[in-house]
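Report on one structure; see the data block that follows.
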Amino acid sequence: MADAALPAGRGPPRPPPQAPAVLGADGAQVDWLKVFLGFGGMVIGQFMAMLDIQIVASSLVQIQSGIGATADEISWVQTIYLLAEVVIMPLTAYLTKMWGTRSFYVIAVIGFVVTSVAVGLSSSVAMMIVFRALQGLFAGAMIPPVFATAMTVFPPEKRLTANVIVGLIVTLSSTIGPTLGGHLTDLLSWRWLFFINLPVGVLVIFLVGRYANFDRGDPSLAKGIDWWGLGLMTVFLLSLQYVLEEGNGDGWFDDSVILWLTVLAALTGVAFIWRQLTYWQPIVSLKPFRDRNFTLGIVMTFVTGVSLFGGTFLMPIFLGQVRGFSSAEVGNTMLVTGLTMFLSAPIAGRFVRMMDARVAMVGGFALAAWSIQLGSRVTDQWGFDEFFFLQVGRGLGTMIAMIAAQQMSVASLPVTMMKDASGLINLIRNVAGAIGLAVLSTILSHQGAVHYMELASAASQANASSAAMMEGLTAMMTEGGLADPAGTARKAMSMMIHRQAAVLSFGDAFAVLALGCWAAVGLAFFARPGPAMGGPPQGGGH
């Protein structure tokens with residue numbers, strides 16, 4: 001009854017939060033084998049959740065024919081997963097505080113496994129979209145707690161190693177997913193893209209349920225949940241993600257739905273931020289943004305997200321559409337980035353540990369920018385060999401920049417803010433990927449049209465070389481005995497111009513991607529020198 005007398009929007013005074021600690025660490029010897037087994041289970045779960053968006057990418061055609069979906073309907077198999085994933089990510093900090101990391105994670109994995117099987121058994125597109133949305137919801141819940149656990153459970157000297165592992169999972173899932181998915185579909189069927197989660201999920205449930213006893217929940221957080229904040233956040237993120245996913249295909253603001261959803265996202269976004277700053281128990285704490293390093297680290301995380309997902313987006317499309325590579329050939333070419341990141345992870349971690357995080361970020365982003373910029377000179381003959389150094393440099397640079405940015409983001413935060421910081425970092429990375437893909441898709445379509453008009457104008461009959469080429473094509477078609485050699489020659493010429501325009505637009509997209517990395521190099525100089533990378537986070541000023 002006492003609570004009823006409190007002013008609106010206020011709650012009872014809460015005791016200061018306590019930093020999570022490994023149970024048994026208070027005076028007792030910690031069994032680090034159990035800690036690593038529990039954390040390892042969470043890492044496997046994170047990999048499984050992040051892989052499930054990429055593993056489907058190479059098999060959408062088979063899934064489409066299997067459930068009788070149209071091209072527009074099958075795109076929602078990917079889109080709805082991302083929408084659900086983004087909505088739950090900011091809530092994970094609140095829910096893990098309320099239920100405890102182990103209970104929350106086990107529930108999320110059980111839900112993910114059950115919905116994965118349901119997606120694999122789907123017989124219609126409507127059924128698949130519903131279960132795919134639920135699968136994405138549980139997947140999004142499995143990702144942020146891993147980074148938070150790495151920063152709160154391990155002692156300072158082990159945190160960077162744990163962070164390297166987390167960064168490796170993020171990068172590997174996006175690079176080997178399409179390859180793994182293509183081979184799995186060829187060997188078995190597309191349904192096994194989802195059934196494979198069952199045995200892996202059982203392993204994760206066992207490891208996390210038995211060994212991940214890292215903290216205790218606070219059931220009192222169930223009282224006073226900010227339902228208005230939850231509603232505003234849901235509408236904001238759903239609207240934003242939909243606009244980013246579908247905007248380019250629908251002509252952006254030429255489409256009334258995209259226009260009004262953009263307005264809705266802007267209004268609810270502002271209202272959500274205001275609500276979180278004024279409500280006594282916010283569902284998403286924005287306090288980490290008071291730290292300049294965290295804010296700059298978030299910007300860097302955004303850039304690495306765009307670089308990682310943007311490069312993974314551009315190359316398969318180029319190799320498939322321009323070069324005509326098969327899914328297996330595309331996957332084998334893309335493996336260079338994944339292998340580079342896998343093999344360089346220990347080196348990158350040691351490099352980041354040895355020096356100021358700002359130096360590591362400058363070096364990482366500069367290497368990524370230089371490598372990606374090589375793609376601005378792409379031609380229609382580029383394949384595995386030509387993309388090799390671009391992929392190696394981008395993979396190594398992105399790995400160094402990602403680890404350094406994540407370390408800098410939390411270097412001066414108190415341990416009690418790690419869960420909130422982790423949810424925000426993972427949300428920003430996902431949104432960055434969506435924004436990056438939207439921007440790159442727009443560049444490809446817009447610049448493709450611009451370059452086509454320029455090339456078509458240059459190839460007019462007034463151009464002597466173009467006229468000679470046209471005559472040669474017409475003569476070739478005439479020798480082939482075609483009914484309309486001149487018309488066929490014009491079509492062939494148009495296809496050649498389209499192909500060259502597409503190649504030039506890919507060069508523009510790579511240049512923009514490199515420009516973003518160069519901008520991050522400049523921003524890195526504004527960060528404050530933090531403690532040593534292996535050092536404990538400080539809570540001063542918070």
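For Lys223, the lysines whose Cα falls under 24 Å of its own Cα, not counting residues fewer than eight places away in the same chain, are Lys97, Lys287, Lys419.
Using the Cβ atoms and a cut-off under 13 Å, what net charge is assigned to the surroundings of Leu207, where Lys and Arg are +1 and Asp and Glu are -1? Walk me through the intermediate numbers first.
Numbers: positive: Lys34, Arg102, Arg210; negative: none.
Spelling it out: positives minus negatives among the neighbours equals +3.
Which translational diffusion coefficient, to the nearest whole µm²/s, is obtained for region 217-335 from the Stokes-Einstein equation, given a Kirkwood hydrodynamic radius over C-alpha pairs, 37 °C and 0.692 mPa s?
Numbers: Rh = 17.8 Å.
The estimated diffusion coefficient comes to 185 µm²/s.
If R₀ is 45 angstrom, what is the calculated FRET efficiency for the pair Met453 and Trp274, using the beta carbon separation as r and rounding to 0.05? Plugging the Cβ-Cβ distance into 1/(1 + (r/R0)^6) gives 0.45. Taking the inverse of the mean 1/r over every pair of distinct Cα atoms in region 30-217 gives a Kirkwood hydrodynamic radius of 16.7 Å.
Inter-label distance, Leu198 to Arg499: 4.6 nm, where each label sits 7 Å from its Cα along the C-beta direction. Only residues of region 374-391 count here: report those whose backbone N is under 14 Å from the spot 7 Å along Cα→Cβ of Trp518, or say none. So the set is 374-377. Take the Cα of Arg377, step 7 Å toward its Cβ, do the same at Arg323, and the gap between the two points is 1.7 nm.
Once the chain from Phe36 to Val130 is taken as fully extended at 0.36 nm per residue, the excess over their C-alpha distance is 30.3 nm.
How much length, in nm to one decimal, is gained on full extension between Glu73 and Asp218, taken as 0.36 nm per residue of separation minus their Cα-Cα distance?
Between Glu73 and Asp218, full extension yields an extra 48.0 nm.
Label sites at Arg290 and His446, each approximated as a point 7 angstrom past Cα along Cα to Cβ, lie 4.0 nm apart. Under a 5 Å amide H cut-off, with hydrogens placed 1.01 Å from N, Asp218 pairs with Met98, Trp99, Gly100 among residues at least 5 apart or on other chains.
Bear in mind that the values in this text are calculations on the coordinates, not laboratory data. Treat the numbers as computed from the prediction; the structure is a model and nothing was measured. So basically every Cβ, Gly included, is an ideal-geometry build from the backbone, and we count neighbours across all protein chains shown.
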